[in-house]
């Protein structure tokens, strides 16, 4: 057997995860343990210890039985570790869920693990209210205040539990963490006290954290990485955690500067921002001694670029939920030959490299599938013995599905992603799940989903679709988005004639992956993608114009402006196109101008919004005289600043029920320079326009509809369908008649009613002599649909 045994043995202490933790932190009693990076609220180690013990006692008093499951569905906060350790100290089992999970996902996952209690924030509860109520849970505890729910804070008052309620430390469950399986359905990973203790010891032995460290804790605590690294190892060593609910670049940089962070654990997309984003240069990051990248593979080149920019080592690690996140990690001061690797196998772990899909060991130094064995390996999958048997053999080897090799220096190198799964910002997305949703659509005959390389997120889901009947990419993307957790939604769709499959009917995903990667690597970008920001798609005589910068909230930078201007020029110049639908990909329509890229220029006095060359290039014209054809705007989520101006300039606006509009330039020292001062008063009245421009207040879709900015409000799932229905209704009419009507309306708005009235007779005379009128009259007399020619 060609296995690689770590030359660094590990002695796993006897004790529980919570018990050992509380014992160790006694020495740090008055030191700060957890600090909220936004509010400054903090807990000392003594307060943390007391809260854990009191919570455990109150949970038992409220009827928590040994082994009973409590779910935590919340973003990071200083109270998350209290909840985790409190459940464990009471002898319970915890299961942590992504707070952004869809109600459908939450329902199925809670049922899967048999959770009887949940801990949520008020915001999470409001979003999941119907789901949680129908599950008939014993308790719903809220981290804050929400009418009718038990405040989590009330569980922190009372007598501390003196002795932990322990069970079998090696065999009994401590946690049920979620991981997707090859079938596409989620599986619950069973982890014991010994698994957590071993993983904590392994991270500690790697000497990543020190007692003197101030650590950025923005990676999600609901993920196993955050639990063993931060809540386990870092706190056990007496470090100080600065807790953030999410990894936002500007907030992260400010927290690093203000709190003098020494260690910054992040994910690959943030490493990319560290390496390339101009905002990094505007903050003092000199307190850092290292950064760590985990949860998804990352190139050696990117690691080096980030390290050079930050002037500190950027470590790289590898692991998986089934191994309690530990496997290998690089270390500060590693020799040059270790560059590009994930370092050495961690203490007490064995790794085998076998033929992909088989059990035969490969030659030393060769690529193969990685198998791992050690005290950190899971007990198995909850209530799924078949999947457990497929993943862990009789000798305890866990099949990871990752491809890699161990080089001659003993460093582990990850060569490829785990087979099939898409790794998006550290999350795993099942292609089978997305394919199943797509196949629910009546227009879809077949589908295959693969990872598409993405510089910001690592990978994003792309679908290859075989159609049964006509449907647009936007409609399918929206159809899927309504049925999955937000991070799982499709980012791209390509229509093809057939999905490649083997004789058994299994999708040959590697062929689709190769097709997509070759397309990306050779820069064979479709001619319908403009400036990598705007996507146009022709649907007969209707043009779809999609703002496609979702990971930057569709913020307008120079390229986005140019892309939209080019799209409008294509629309205007093509006589076969009669109407356009302008919409956006992502969770919101647009956040307006890209402040992140423009703010540094503004601070240096280099930002010139009115640059004549830019205005000329984009053909920006406040009166919109250069656009002679109609535009239907389909808006969802937040519509900010420039988005409101696009809505005001559009001819018909269809809004999803969740839309909020806001024009907030005055709040940042500007005024609406994209036309709101011209168009908005005409659309919603002078008083309303002044109110929302001068106060920067939000207004919702229904208010926008009452004022006239929006013509129809529809459910999110019907937005694109309804927008295209309007566009097709317009497109079936006479192009020359539609153009003349638009021109007359605009003339009245710009020059006044008298100017428009003065042209009516001449315009009518012109149209009555044109071919469209003759065809329209003939069709009316013959009782048939007219066949208008393209204008």
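Between residue 276 and residue 784, take the C-beta separation as r, use R0 = 60 Å, and let me know the FRET efficiency to the nearest 0.05. Present the calculation step by step, with values, prior to reporting the outcome.
Values: r = 60 Å, r/R0 = 0.99.
The calculated FRET efficiency here is 0.50.
Output the 0 to 90 degree angle, nearest 10, between the alpha-carbon long axis of helix 686-695 and the longest principal axis computed from the alpha carbons of the chain.
The angle comes out near 30 degrees.
Share of antiparallel DSSP beta bridges in region 221-367, in percent to the nearest 5?
Bridges in region 221-367 are about 40 percent antiparallel.
Using helices alone, I'd like the mean residue ellipticity at 222 nm for the chain: each DSSP H run of four-plus residues gives -39500 (n - 2.57), total over residue count, nearest 500. Mind dumping the intermediate values first?
Values: 24 runs with 264 residues, N = 791.
That calculation yields -10000 deg cm²/dmol at 222 nm.
Can you give the translational diffusion coefficient of the chain in µm²/s, computed by Stokes-Einstein from the Kirkwood radius over Cα pairs at 37 °C and 0.692 mPa s? Intermediate results must be reported in sequence, preceding the final value.
On the way: Rh = 29.0 Å.
For the chosen part, D equals 113 µm²/s.
If you count, for each residue, the other Cβ atoms within 10 Å and average over each peptide, how do 343-350, 101-108 line up from highest to lowest? Don't skip to the end; give the middle numbers.
Details: 343-350: 23.1, 101-108: 18.2.
My ranking of the peptides, most packed first, is 343-350, 101-108.
Using the 10 angstrom Cβ neighbour count as an exposure proxy, how do 223, 277 rank, fewest first? Before the final figure, lay out the partial values.
Numbers: 223 21, 277 17.
So the ranking, lowest neighbour count to highest, is 277, 223.
How many nm is it between the label spots at residue 246 and residue 705, if each spot is 7 Å from the Cα in line with the beta carbon?
Once both label points are built, they end up 2.7 nm from each other.
Please say if region 637-791 is rounded, prolate or oblate, where rounded means a/c under 1.5 for a ≥ b ≥ c the square roots of the C-alpha gyration tensor eigenvalues, and otherwise the choice is prolate for a/b larger than b/c and oblate otherwise? Present the calculation step by step, with values, prior to reporting the outcome.
Numbers: a/c = 3.30, a/b = 1.67, b/c = 1.98.
Cα axes put region 637-791 in the oblate bin.
Ranked from highest to lowest mean number of other Cβ atoms within 10 Å per residue, what is the order of the peptides 541-554, 140-153? Working shown, then result.
Working: 541-554: 21.7, 140-153: 16.2.
By packing density, highest mean first, the sequence is 541-554, 140-153.
If we sort 186-196, 393-403, 257-267 on the protection proxy, mean other Cβ atoms within 10 Å, highest first, what's the order?
Details: 186-196: 24.4, 393-403: 16.5, 257-267: 21.1.
So the order, starting with the most tightly packed, is 186-196, 257-267, 393-403.
Relative to the longest principal Cα axis of the chain, at what angle does helix 558-573 sit, 0 to 90 degrees, rounded to 10?
That works out to roughly 40 degrees.
Among DSSP beta bridges lying fully in the chain, give the percent that are antiparallel, nearest 5. Please list the in-between numbers first.
Details: 61 of 118 bridges.
Of the beta bridges lying entirely in the chain, close to 50 percent run antiparallel.
Given R₀ = 25 Å, FRET efficiency for residue 766-residue 673 by Cβ-Cβ distance, to 0.05? Before the final figure, lay out each step's value.
Numbers: r = 36 Å, r/R0 = 1.45.
With R0 = 25 Å, the Cβ-Cβ based efficiency is 0.10.
What FRET efficiency would be calculated for the residue pair residue 166, residue 257, taking the C-beta separation as r and a Förster radius of 51 Å, to the nearest 0.05? Intermediate results must be reported in sequence, preceding the final value.
Values: r = 43 Å, r/R0 = 0.85.
So, using R0 = 51 Å, E works out to roughly 0.70.
Tell me, in nm to one decimal, what length is gained between residue 439 and residue 774 on full extension, where the rule is 0.36 nm per residue of separation less the Cα-Cα distance? Present the calculation step by step, with values, prior to reporting the outcome.
On the way: separation 335, 0.36 × 335 = 120.60 nm, distance 4.60 nm.
Working it through step by step, the gained length comes to 116.0 nm.
What distance in nm separates the simple spin-label points at residue 666 and residue 145, each placed 7 Å from Cα in the Cβ direction?
Modelled inter-label distance: 3.2 nm.
Which of the three applies to region 119-275, rounded, prolate or oblate, going by the alpha-carbon gyration tensor with a ≥ b ≥ c and a/c under 1.5 meaning rounded?
Rounded is the answer for region 119-275, as its axis ratio a/c remains below 1.5.
If a paramagnetic tag sat 7 Å from the Cα of residue 138 along the Cα-Cβ line, which residues of region 36-71 would have the backbone N under 13 Å from that point?
58-71
Gain in length, residue 759 to residue 494, computed as 0.36 nm per residue apart minus the alpha-carbon separation, to one decimal in nm?
Details: separation 265, 0.36 × 265 = 95.40 nm, distance 4.70 nm.
Gain on extension, residue 759 to residue 494, equals 90.7 nm.
Roughly speaking, what is the stretch gain from residue 695 to residue 23, that is 0.36 nm per residue apart minus the C-alpha to C-alpha distance, in nm to one decimal? Show your work: numbers first, answer last.
Numbers: separation 672, 0.36 × 672 = 241.92 nm, distance 5.44 nm.
Gain on stretching residue 695 to residue 23: 236.5 nm.
May I ask for the angle, rounded to the nearest 10°, between helix 103-113 and the longest principal axis of the chain, with both axes built from Cα atoms and the value confined to 0 to 90°?
20
For residue 469 paired with residue 751, estimate the spin-label separation in nm (one decimal), with each label point 7 Å from Cα along the Cα-to-Cβ line.
Going by the 7 Å Cα→Cβ label model, 4.8 nm.
Values quoted throughout were computed directly from the atomic coordinates according to the rules given, and no laboratory measurement underlies them. These numbers come from a predicted model, not from an experiment. Because the Cβ atoms are built from the backbone with ideal geometry, glycine has one as well, and the counts that use them run over all protein chains shown.
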